[in-house]
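The values are calculated or read from the model by the stated rules, or taken from the named source; none is laboratory data. Source: prediction; values computed, not measured. In this analysis, Cβ positions are derived from the backbone assuming ideal geometry, glycine residues included, and neighbour counts consider all displayed protein chains.
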Amino acid sequence: MAHTLPKPPHLLEHKLGYTFKKQQLLLEALTHKSYKKPYNNERLEFLGDAVLDLLVGEYLFKKFPHAKEGELSKLRACIVNEKGFMKLAQSIDLGAFLYISQSEEHNKGRQKASILSNAFEALIGAIYLESSLKHAQRIINALLEENYTKIDLDSLFMDYKTALQELTQALYGVIPTYTILNESGPDHKKSFEVALSIQGKEYARASGGSKKEAQQKSAHKAYEILRHLTKKEQE
């Protein structure tokens, strides 16, 4: 099987409406570590992760002027994750521009969630590094408007209990166990503490104003832990 050549970077610049002053910086953002060059996109990924956290937060802050801090945090968490960044990466066909090894090519690396989301973070990190937040914000705002036409609390909130159950069944063939550790407070303002275990091992604890909220919070924590573990195993 012949190695697939990536599309020319200038086509990606056209999609973004941004031209890099330093083409080497763009190449670095598009180069996966498997490509075995003296450079790769891991450092830019680190920077882009922080930049995106800020830019998505600002976008939501302005779009929902009456939303509470907790609601904004939940909204951001639904976008700022591997699945969310993969969606944005796919919208600009980012996979077609990546420099990956022949081995990753055979393993459909251009479609892998981890590779796509990391490259997207690196790309935004590179734009921020050579220009400013203003350019990166314009690009992110446009992509969010295009790909999340109905951003609201109900449509974006992820059911982490269901997502975690699907993940643990796929990985271990079991479902999580939720144990109520503590129940406190008056009837009108109860607080529940829940522990989440998988195969007898505790992965997370969380508190909430209802059992359901506490379970969702603990499921969210456990889901992120497992997602990072599986991501490391894939790399």
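Summary of computed values
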{"quantity": "Leading residue by the ranking (farthest from residue 53 (Cα to Cα)) among those in segment 108-139 that are assigned to a helix (DSSP H, G or I) and among the basic types (Lys, Arg)", "calculated": "110"}
{"quantity": "Residue 174 touching a helix residue (DSSP H, G or I) at 6+ places or on another chain (Cβ under 7 Å) and either buried (at least 19 other Cβ atoms within 10 Å of the Cβ) or under 30 Å from residue 34 (Cα atoms) (or both)", "calculated": "no"}
{"quantity": "Test: residue in segment 98-107 that is in a helix (DSSP H, G or I), crowded, with 17+ Cβ neighbours inside 10 Å and at pLDDT below 95", "calculated": "yes"}
{"quantity": "Any chance residue 60 is buried (at least 18 other Cβ atoms within 10 Å of the Cβ), modelled with pLDDT of 95 or more and of a type outside the set (Val, Ile, Thr)", "calculated": "no"}
{"quantity": "Condition met for residue 175 (of a type in the set (Val, Ile, Thr), without any contact (Cβ under 8 Å) to a residue 40 or more places away in the chain and part of a strand (DSSP E or B))", "calculated": "no"}
{"quantity": "Residues satisfying the stated conditions in segment 180-235, i.e. surrounded by fewer than 18 Cβ atoms within 10 Å (Cβ to Cβ) and of a type in the set (Val, Ile, Thr)", "calculated": "180, 225, 230"}
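Residue-wise test of (1) within 23 Å of the chain's Cα centre (by Cα); (2) among the hydrophobic types (A, V, I, L, M, F, W, C); (3) not in a strand (DSSP E or B).
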site: 161; (1), (2), (3): yes, no, yes
site: 188; (1), (2), (3): no, no, yes
site: 195; (1), (2), (3): no, yes, no
site: 205; (1), (2), (3): yes, no, no
site: 229; (1), (2), (3): yes, yes, yes
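Yes/no per residue for (1) part of a helix (DSSP H, G or I); (2) surrounded by fewer than 19 Cβ atoms within 10 Å (Cβ to Cβ):
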{"position": "10", "(1), (2)": "yes, yes"}
{"position": "37", "(1), (2)": "no, yes"}
{"position": "40", "(1), (2)": "no, no"}
{"position": "55", "(1), (2)": "yes, no"}
{"position": "70", "(1), (2)": "yes, yes"}
{"position": "73", "(1), (2)": "yes, yes"}
{"position": "77", "(1), (2)": "yes, yes"}
{"position": "87", "(1), (2)": "yes, yes"}
